[in-house]
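Below is one structure, written out as structure tokens; comments come after it.
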Amino acid sequence: MDELKKALTTRGLTLIAIGACIGSGIFLTPADSAKNLPHHGFILLTWALGGLVSYFGAMTFSELGSIYPKEGGVYVYLKNAYGELTGFLYGWIILLIVNTGALAALGMALAGYISFFAPVSEGMKAGIAIAVIWGLTVVNIFGVNISQGFAGIFTGLKLLAIFVIIVIGLHFLPGAYPGFSLNPLDNVPDYPATGMLLTFVGVFWSMGGWHHATYVAGEAIDPARTVPRAMLYGTMAVTIVYLLVILACMSVLSLPQMAASDKLAGDAMGAVFHWGGKMVSVMITVSIFGTIGIYTMTAPRIYYAMARDGIFFGFLSHISPRYRTPYKAMLFQAGWATVLILLWGSFSKLITFVTFMDIVFMALATATIFIYRKRKITHSGYRLKLYPVIPLIYLAVTISFVINTLFSLQTESMAGVLILTAGVPVYYYFRQRRNKAGDEGST
């Protein structure tokens, strides 16, 4: 058993890091990058910096994962450092913002690519997204896990689409349209720092997932070497792939065309070949469909586990007696994702709503390393070098992003803050109910 726990190599950890990052974001978010920061060089620079910041965050989480190798996770880091309330609030935003918001955004992304084949209004996009989410939820409630059987196909199509986009786009790079320039001194945009911070919404959304790989630091062979190497190789690989995809799109579309697109990868390939856009869009649509299938199946298990621990509504722990699935948690997720789609109605607003709150708690979790170092907690796993420089750089960038988003995109960010604040009385309700149950049990 111990040998199995120490079986993860650099290669395995690197694949975990890459697989957790690459999703639907890179096919869509560079459009918002062009909108917020209309400069080729600054866009690529921002995405490169996003990769570097993600690596610094992953390095910090590698030590946190070594401290809690068996029960690792953001929830545990926060609870043990700041107290139970902070841990609960993380679970609260995971339930009501991060997981459900990501599912809603995936639904809207899929609907956007379906519109490549037929005219689809904004209202119809919302309807398509909701129908797909509910349809896959019902399928997974019945225990038919379509994601398990076809996960390899969906991932393969995603990687194939990325390969096609890069090869075709870069083929046209030498003859890119007039005005294409990576020179940072050409046509410098107004307030580039603000534009870069807004661009980080899409960057952090697309790079998100790297922290899942750090959770298995305690199961790695020689984690002091393999974990940081895997994080370096993984984030570098993802960053390079993303930069090549963006550069490929820039080679065939002008920045105004990129900014106006809601299906960027398909539009880019459609500008090259008549059939190119449809071919890539089919791959991406199927890939996102598979991701939604996985999400509707896996994410409710988090709510189910938290409800079983007594820190969420009890009905979320109910299991179907026939299909043995947490059907109420799955239905709740689909219902709340529907509400978010109807409230926001666009992919960019949804990912801002999700990413803002996610980065708030990622920053809080990163800062726990200072608390654990002060407590002088000893462990035999990975220990961060260049401490405290690396976590301080990560915090400087993420806190700047949070502050800028709070003031620049007030509607989405304040909605997140309000939902977070609403979790405080809910926590005290659950704590009081738990304490009451404990008192009754002791009498």
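Values quoted throughout were computed directly from the atomic coordinates according to the rules given, and no laboratory measurement underlies them. Quick caveat, the model's predicted, so the values are computed rather than measured. When we count neighbours, we look across all protein chains shown, and the Cβ atoms used for this are built from the backbone with ideal geometry, even at glycine.
Observations on the structure shown:
- From phi via Karplus (6.51, -1.76, 1.60), per-residue ³J(HN,Hα) for region 430-436 in Hz, x at Gly/Pro: 5, 5, 5, 5, 5, 5, 5
- Taking Cα atoms only, the orientation of helix 276-298 departs from the longest principal axis of the chain by about 0 degrees.
- Footprinting exposure proxy ranking of Leu136, Leu8, fewest other C-beta atoms within 10 angstrom first, gives Leu8, Leu136.
- Taking Phe332, Phe370, Phe200, Phe407 and counting other C-beta atoms within 10 Å, the order from fewest to most: Phe407, Phe370, Phe332, Phe200
- Around the Cα centre of the chain, unit charges on the Cβ atoms of Lys, Arg, Asp and Glu (plus for the first two, minus for the last two) sum to a dipole of about 1040 debye.
- Violating pairs (Cα-Cα greater than 22 angstrom) within the set Lys79/Lys376; Lys79/Lys328; Lys263/Lys349: Lys79/Lys328
- For region 33-81 versus region 246-278, the gap between their alpha-carbon centres in whole angstrom: 28
- Extreme residue, positive dipole direction of region 350-425, given options Val389, Thr366, Gly423 (C-beta unit charges): Val389
- Basic side chains Lys and Arg get +1 at the Cβ, acidic Asp and Glu get -1 at the Cβ, and with that the dipole of region 292-443 about its Cα centre reaches some 600 debye.
- Potential extension, Ala305-Phe180 segment - 0.36 nm per residue separation minus Cα distance: 39.9 nm
- Dipole of the chain [Lys/Arg +1, Asp/Glu -1 at C-beta], most positive-end residue of Thr100, Ala305, Gly123: Ala305
- Per-residue Cβ neighbour counts within 10 Å put Phe353, Phe361 in the sequence Phe361, Phe353, beginning with the fewest.
- Note on Leu343 and Ile393: with the Förster distance fixed at 45 Å, the Cβ-Cβ geometry gives a FRET efficiency of about 0.80.
- Farthest toward positive dipole pole in the chain [+1 Lys/Arg, -1 Asp/Glu at C-beta], among Val286, His171, Gln410: Val286
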